[in-house]
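Let me begin by presenting the structure, written as structure tokens, before commenting on it.
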Amino acid sequence: MSDLMLDVDQAGELKSAFRRGDWTNAEIKKLSEGNVLTHVRQVVLGNAKIVQIKSLEFIGTIIIPAITKKFVAKDNFIVDTSRKTKVKISYLGDDFRKNFLGKTEKAIPETTLRYHKLRKSSADKPIIAELGGEKKAETTLAEMFALMEMQPNGEKGALPTNGYANIFYIHDVNGVLGTVRCDWGGVGWSVDACSVGTPRERYYGRRVFSRNSSES
């Protein structure tokens, strides 16, 4: 058992270090519980190292056929679950309607998208950084809709249909990058959007789509 005693100077150094790192009293208390400090000491001694677990697990790629004419969002994202519609959509969120439904995108050649599974919950900004930044993370409404067209009735495919959100990072009508989500709700696709700056985390198991590295 150590006979360690902290003098005033050492206690002050620790206090300053905690303040520099914006530690809270609750976090300091948690650090003092169990064997947490024992493990930290092994890092200090060089007997162990901290390994950051990546949020994303690469699953695969999918080819999006060339989109030969302008993609008008309001002409395609229509709430309709009838048999006649080419893609069953059961819900469009208010944020999606406000920031994306008025968007028109230019025609694009054949592209390849990458998709990953979230290995742990994470907010959008760290996910975008892990993807390599906004340019590599960005996709389009046309590409997302093309994937929905491949699974118009909730069939199996690149988009999971188990109720988990599929996440895309797309520029809105004002050119601001936003988070667009689609998930299969049993009778149709549900589509919504929010700011990438929201602190809300995307949960484990969700799928994230992004630009293929060679095309970024």
Go through the range 140-173 residue by residue and tally those that are open to solvent by less than 30 Å² (accessible area, probe 1.4 Å) and in a loop (DSSP other than H, G, I, E, B).
-> 9
Check whether at least one residue in the range 189-210 is out of contact with any helix residue (DSSP H, G or I) (no Cβ under 8 Å at 6 or more places or on another chain) and closer than 16 Å to S90 by Cβ, and report yes or no.
-> yes
Considering D94, D124, which residue is exposed (fewer than 13 other Cβ atoms within 10 Å of the Cβ) and under 27 Å from Y203 (Cα atoms)?
-> D94
How many residues are open to solvent by less than 20 Å² (accessible area, probe 1.4 Å) and either assigned to a loop (DSSP other than H, G, I, E, B) or charged (D, E, K, R) (or both) if we restrict to the range 104-116?
-> 1
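Give me the residue from the range 75-86 that is touching a helix residue (DSSP H, G or I) at 6+ places or on another chain (Cβ under 9 Å) and at pLDDT 95 or above and, out of that set, surrounded by the most Cβ atoms within 10 Å (Cβ to Cβ).
Checked the range 75-86; the qualifying residue surrounded by the most Cβ atoms within 10 Å (Cβ to Cβ) is F77.
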Search result, residues across the range 78-103 that are of a type in the set (F, W, Y) and either part of a strand (DSSP E or B) or within 16 Å of G154 (Cα to Cα) (or both) | Y91
G186 passes all but one of the listed conditions (1) at pLDDT 95 or above; (2) assigned to a loop (DSSP other than H, G, I, E, B); the exception is number (1)
Cβ pairs under 7 Å, 6+ apart, first in the range 174-193 and surrounded by fewer than 22 Cβ atoms within 10 Å (Cβ to Cβ), second in a loop (DSSP other than H, G, I, E, B) and of a type in the set (K, R) | V187/K88; G188/K88
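The values are calculated or read from the model by the stated rules, or taken from the named source; none is laboratory data. Bear in mind the structure is a predicted one, so any value in this text is a computation, not a measurement. No Cβ is skipped: glycine too gets one built from the backbone with ideal geometry, and neighbour counts run over all protein chains shown. All accessible areas refer to the heavy atoms of the entire protein, side chains included, with ligands and DNA or RNA removed. Shrake-Rupley method; radii C 1.70, N 1.55, O 1.52, S 1.80 Å.
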